[in-house]
């Protein structure tokens, strides 16, 4: 087992900046640390690494693929009301417009 190398201020800043945005493994790759090491350091810092973006958000009702599908249909010339009626009538129409206008990435 190798000697412990203390975390630098830059590494701690990266952990804080990307917490909840990137996975623990991705953060570890960015700073050259293992996933478990990053997880333990974040816990000691009081930082939550739980990802809350897109379909990983606890209240998401659409997958990331569905969001991209809505945007692609819009770019192809379909109006929001047509997209809503054709495939996504289980969500509010203002959700469709919010996705088209890039106002929302996460769906609550």
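The residue 25 and residue 93 beta-carbon pair, evaluated with R₀ = 25 Å, returns a calculated FRET efficiency of approximately 0.10. Model label sites at residue 63 and residue 101, defined 7 Å from Cα along the beta-carbon direction, differ in position by 2.8 nm. Per residue of the chain, the DSSP helices (runs of n ≥ 4 H) give a summed -39500 (n - 2.57) that works out to -15000 deg cm²/dmol at 222 nm. Start at zero, step by 10 Å, and the Cα-Cα distances of the chain spread as 14, 34, 19, 19, 11, 3, 0 percent across the bins.
Highest mean packing comes first when the peptides 19-28, 85-94, 4-13 are listed by Cβ atoms within 10 Å, giving 19-28, 85-94, 4-13. In summary, the convex hull built on the alpha carbon positions of segment 59-100 has an orientation-averaged projected area of 2.6 nm².
Since every read-out is calculated from the coordinates, none of them should be taken as a lab result. Predicted model only: the values in this text are computed from it and were never measured. With ideal geometry, Cβ positions are generated from the backbone for all residues, glycine too; neighbour counts draw on all protein chains shown.
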